[in-house]
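To start, the structure itself, in structure tokens.
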Amino acid sequence: MITIALSKGRIFEETLPLLAAAGIVPSEAPESTRKLIIGTNQADVQLIIVRASDVPTYVQYGAADLGVAGKDVLIEHGGQGLYQPLDLEIAKCSLMVAVQNGFDYAEAVKQGARLRIATKYTEQAKEHFASKGVHIDLIKLYGSMELAPLVGLADAIVDLVSTGSTLKANDLVAVEHIRDISSRLVINQSALKLKQARIQPMLDAFTATVNGRKN
Ligand code: PRT
Ligand code: MG
């Protein structure tokens, strides 16, 4: 059996065409079932539906052979036990620093003040501000980071931005770009060796599809 870990929503939707290229069609959509294990048209391939930030963990421990996870999630996880052979170039966005409109970020940074940063992405926030020599107090949140500056919980947030409409709707502006983010295929290192005959053709089909999109 080959088990593929995916999260609901954009990653599932954007992975569907890649699975199709490898001849894999899920028998149900995660949005229309409460099942967490979803079969496919291939008797020996199943999907498991997990939180986006849990995908690397399932693959690391071999509970799933393959998975799809955002670079944001992979950096926070650390990537232990994972082979990351392919940037699928899906679910693209950017990791940014954002503040409330009117907050003088440049001045706050220049004065060498401690900035209070609210984020789910604590590893990347630490690394980013350390590289700039800016001292921060980190406030770990699990979602809706956009609220933090509006209610005085933080001076700035580190969050993902795609269209920018969430920032705009909450009177926030992006002040720094940390990195571009896309989702990667992750493979359990021992599964790749033990199940190579079944996994390699899938990897080849995904690679051909991604390369085909670039041309
Ligand atoms: O939603 P949940 O709490 O279950 O987990 P999650 O947010 O980690 O999962 P999900 O499915 O929302 O995101 C999975 C992956 O998609 C992330 O790990 C990213 O790699 C990628 N991705 C791409 C995004 C976005 N675009 C994105 N826009 N993930 C989140 N967002 C959020 C962002 O955090 C912000 O709240 O969307 C909002 C901003 O969107 P815009 O379009 O208004 O700028
Ligand atoms: Mg989300």
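The values are calculated or read from the model by the stated rules, or taken from the named source; none is laboratory data. Since the structure is predicted, the reported quantities are computational estimates derived from the model, not experimental observations. Cβ coordinates were reconstructed from backbone atoms using ideal geometry, including for glycine residues, and neighbour counts include every protein chain displayed.
Summary of values
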quantity: Of the criteria (1) more than 30 Å from Pro201 (Cβ to Cβ); (2) within 15 Å of ligand 1 (Cβ to nearest atom), which one Asp54 fails; calculated: (1)
quantity: Residue check, Gln189 modelled with pLDDT of 95 or more, assigned by TED's automatic domain parsing to the domain that holds Ala64 and out of contact with any His (no Cβ under 7 Å at 6 or more places or on another chain); calculated: yes
quantity: Residue ID - nearest to ligand 1 (Cβ to nearest atom), chosen from residues in the stretch 142-169 that are surrounded by 17 or more Cβ atoms within 10 Å (Cβ to Cβ) and part of a loop (DSSP other than H, G, I, E, B); calculated: Ala154
quantity: Failed item in (1) within 16 Å of ligand 2 (Cβ to nearest atom); (2) on the phi < 0 side of the Ramachandran plot, with Ser144 passing the rest; calculated: (2)
quantity: Only listed residue being in contact (Cβ under 8 Å) with a residue 12 or more places away in the chain, surrounded by 21 or more Cβ atoms within 10 Å (Cβ to Cβ) and out of contact with any Lys or Arg (no Cβ under 8 Å at 6 or more places or on another chain), chosen from Val68, Val45; calculated: Val45
quantity: Failed item, numbered, when Ala130 is tested on (1) in a helix (DSSP H, G or I); (2) over 29 Å from Ser190 (Cβ atoms); (3) hydrophobic (A, V, I, L, M, F, W, C); (4) in contact (Cβ under 8 Å) with a residue 12 or more places away in the chain; calculated: (4)
quantity: First in the stretch 139-150 and over 13 Å from Leu167 (Cβ atoms), second anywhere and more than 11 Å from ligand 1 (Cβ to nearest atom), Cβ under 6 Å, 6 or more apart; calculated: Ile139/Ala118; Ile139/Ala154; Lys140/Thr122; Leu141/Ala118
quantity: Selection status of Gly39, of a type in the set (Gly, Ala, Ser) and surrounded by fewer than 17 Cβ atoms within 10 Å (Cβ to Cβ); calculated: yes
quantity: Listing of strands (runs of 3 or more DSSP E) fully contained in the stretch 77-127 that carry 1 or more residues being in the same structural domain as Lys168 (by TED's automatic domain parsing) and touching a Phe, Trp or Tyr at 6+ places or on another chain (Cβ under 6 Å); calculated: 93-100
quantity: Residues that are touching a strand residue (DSSP E or B) at 6+ places or on another chain (Cβ under 6 Å) and among the acidic types (Asp, Glu), drawn from the stretch 45-77; calculated: Asp65, Asp72
quantity: When residues of the stretch 1-33 are limited to those that are within 16 Å of ligand 1 (Cβ to nearest atom) and assigned to a loop (DSSP other than H, G, I, E, B), the one nearest to Gln60 (Cα to Cα); calculated: Ser7
quantity: Top-ranked residue of the stretch 181-199 - restricted to ones that are touching a helix residue (DSSP H, G or I) at 6+ places or on another chain (Cβ under 8 Å) and not small (Gly, Ala, Ser), ranked as nearest to ligand 1 (Cβ to nearest atom); calculated: Ile181
quantity: So Val45, is it at pLDDT 95 or above, of a type in the set (A, V, I, L, M, F, W, C) and assigned by TED's automatic domain parsing to the domain that holds Leu18; calculated: yes
